[in-house]
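These notes are about the structure you will find just below.
Taken together, the values in this text are just the output of simple stated rules run on the coordinates, not laboratory data. Everything numeric here is computed off the predicted structure, so don't read it as measured data. Here Cβ is always computed from backbone atoms with ideal geometry, including for glycine, and neighbour counts include all displayed protein chains.
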């Protein structure tokens, strides 16, 4: 998960530097590009907490309210906060949001008044936990999910490697869903992993305020527990399917595999592209683990090869793909969009970026399914939302995606805590709600059960194959029934 956190923090910089979409500078905040409520999810705050507007501001929001742009506010002109051991931490968090949030009006909130209210609470705090809650209460007024205050002692990844199996939260338990070692078969319940209790850790993660959906926070914590130092022996206690007793084994931690690529500040990211024809079908399967622009030629080549091998339908597996560089979504979408279209727009503080896809007469035009799970995040969610909104793909999954679609950055605060904050808002091409906080909702919802994994099945992939096979059959029958133009006298 270490590289995933790095992607979440830095992908926005790479995306804006390497944009493949239309980029337009916005008017000063408070004008047509500003928001009078909140964008990217969440409800606006009550009118009593909205900012009084000075005469020099523009109108923002649809309710006619005049919202103050806080860009040029000098904090030195504000009343001082009460002195306390956590005052500097609170002040820094408040100012990061003021200066770097995508909406400089902060949804018409009275940001200076909220500073006094929650700054006094932080100053009275008797412990770091109490002070952090004051900051989280402040951030909650923004009504957006992609904010998180991470304590300096909060657990995280233990290394850049991973145990040779994958664990997900299935039927209210930590379950092995894929494994590369016979000693840990799929369908096993994981009771202990590397000294941690996955079930207890998952429940703590679910209760903790943070980015994305509850399922995403659980998934991220399980991935952290499963991280390790490459080549180290990791103790595991499992209860295999059908076994009455628990089994203790030790597995060797594996280093990340895949071709490493770098782009801007994203250095040496392991990348993997998998493509194959699914046995007994005319369906091509394509999966890749992250969105990095240097991967585009490999993906283009993979799609071309699947088409040469007779694929009449295509499945894009984005399960567990945490995102990356947003601009990569454009050339990938162009492989499947003959008429082109827009995947949506990201709005930043001073500019906006539309993911506009040019027409491609040679694009694959068979049925497409996109697979998602609670680990599908960021650019993966924007791509899935855009393709779903355009009617070009059916989304299949056991649950919604991560709900962590918006670009964000992470900054350190005095005392060691880290603040993750959103820097852009997403608008889908058809105006549907952004997946931030809720995730992309599958068109085909699949019930995932432990016994399916114990039998070696992939119920989501099975459902996707069924969906695209039926769609391909309908399309073929429609083409066969369509009248054909013939010249008079032609045989």
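Below is a table of values for the structure above.
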item: Where Rh is the Kirkwood radius over Cα pairs, Rg/Rh for the stretch 366-491; result: 1.20
item: Added length on full extension, which subtracts the Cα-Cα distance from 0.36 nm per residue, residue 473 to residue 268; result: 69.5 nm
item: Kirkwood hydrodynamic radius (C-alpha pairs) into Stokes-Einstein, the stretch 161-252, 4 °C and 1.567 mPa s, D in µm²/s; result: 98 µm²/s
item: Quotient of Cα Rg and 2.2 N^0.38 Å for the stretch 316-398, N being how many residues it contains; result: 1.06
item: Model label zone, residue 173; criterion: amide N under 17 Å from point 7 Å along Cα-to-beta-carbon; scope the stretch 231-257; result: 237-248
item: Order by protection proxy (mean Cβ within 10 Å, highest first), peptides 421-430, 284-293; result: 284-293, 421-430
item: Mean-position separation - Cα centroids, the stretch 392-453 and the stretch 310-373, in angstrom; result: 16 Å
item: Segment residue 410-residue 237, extension gain: residue separation times 0.36 nm, minus the distance between their alpha carbons; result: 58.8 nm
item: Chain lengthening between residue 72 and residue 126 when straightened (0.36 nm per residue, less Cα-Cα); result: 16.1 nm
item: Three-way shape label, the stretch 300-363, alpha-carbon gyration tensor, a/c 1.5; result: oblate
item: Estimated inter-spin distance, residue 449 and residue 254, nm [label 7 Å along Cα→Cβ]; result: 2.9 nm
item: Sites residue 137 and residue 247 - FRET efficiency at Förster radius 45 Å, r taken between beta-carbons, to 0.05; result: 0.50
